[in-house]
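Undergrad: Got a structure for you, written out below as C-alpha cells; questions coming shortly.
The values are calculated or read from the model by the stated rules, or taken from the named source; none is laboratory data. None of these values were measured; they are calculated from a predicted model. Positions of Cβ are generated from backbone atoms using ideal geometry, with glycine treated the same way; all protein chains shown enter the neighbour counts. In case anyone asks, the SASA skips ligands and DNA or RNA and just uses the protein heavy atoms, side chains included. Shrake-Rupley method; radii C 1.70, N 1.55, O 1.52, S 1.80 Å.
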Amino acid sequence: MKKLNWKCFVGGVLVCAWSLFPLLTLAAGDEGDENALKEVREVVKQLQSRYEKTKDLQADFTQKTTIEGFERPITSSGKVYTKKPGRLRWNYLDPSVEDIYVNRDDVKVYVPEHKQVLVGKLTQMAASKAQLELLQGAAKLEESFDIEPTPGKGRGVGGIRLLTLLPKSREGEAGRSLQRIVLEVFPKTYFIRTISLYEASGNVASFEFSSLQSNIGLGDAFFDLKLPADVEVVKAPVFSTPQ
C-alpha cells in the first residue's frame, strides 16, 4: 500500500470535507478595512445559515496538491458525502480508487488495489487541535481560528469575499503544520465552492466542489464500509501532540 502522510491527511482531506458543515464566528479585534470586515461578517452569517439547514450533502470534487520542491501538482477527483452528526464518505475515483470513511472519531482508509484498510482515530492522528475542531464542526471554533478578509485578490466567483481562517496559537502546538485556510462560497446559495489549505512547509492542497445536492436523505448504512473477507487491516500511526 502506498505510504500516507497522516498529518497531511488529517489536515487536508478531512478538514476540507468537514468544512462543508462549518460553524464560523468572526473573531473580535480583526484588523483591516471596515467595509471588508462587514462583507466578511455577512458571508459568515449567510454561510452559517445555509449549513444550519443542511442535514446531509453530496458533491463532486477535484483536488490539486502542490508539494514544495516539485514542479507539477498532484491532481485527483471523486465524490464526497457528509451527514450530521459526524459521518463522512470520501471516494477518490481518479487517477486511482481510494475510499475514506469517518464515523465521528473512527477513520478507515481503504485501497482496493492493495487489499488493505488503515484504521485509526481522529483524535490520535491530529497534530493540531485547531484543524480537528474545524473538521468536527466544534461549537467553540472561534476559540481556534481568527477569520478575516483574504488579502490580495480577496474575492471569488460573483465578487463574494473570500474568508481566511488563521489557527490561533495554543500551548503545545508550536509545531503545527497548518498556517491558514481560505474558503470561497457560491453566490446565492453560500455553499462552499473551494477550500485551500496552506501548510508551513509550503505545500498547498486545494479542493473545488461542484454538483452539490443537500438534504437528499442519505442513510447511515451508506456510510458503513463493507470489506471483502481477504482485506488486511492495518493500524494507522499515532501522532502525539508536541510538548
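Undergrad: Of the residues V102, V117, which single one is assigned to a strand (DSSP E or B) and either modelled with pLDDT under 90 or closer than 21 Å to G217 by Cβ (or both)? Give the steps one after another, and end with the answer.
TA: Values: V117 fails: either modelled with pLDDT under 90 or closer than 21 Å to G217 by Cβ (or both).
After applying the criteria, what remains is V102.
Undergrad: Looking at region 207-235, I want the residues that are closer than 22 Å to V111 by Cα and have a partner that is part of a loop (DSSP other than H, G, I, E, B) and open to solvent by 50 Å² or more (accessible area, probe 1.4 Å) with Cβ atoms under 8 Å, at least 6 apart or on another chain. Which pairs are those?
TA: Close Cβ pairs satisfying both conditions: P228/K115; D230/K115; V231/K115; E232/K115; V234/M1.
Undergrad: Also, quick follow-up: Could you check region 40-97 and list, in sequence order, the residues that are loosely packed, with under 13 Cβ neighbours inside 10 Å and on the phi > 0 side of the Ramachandran plot?
TA: G69
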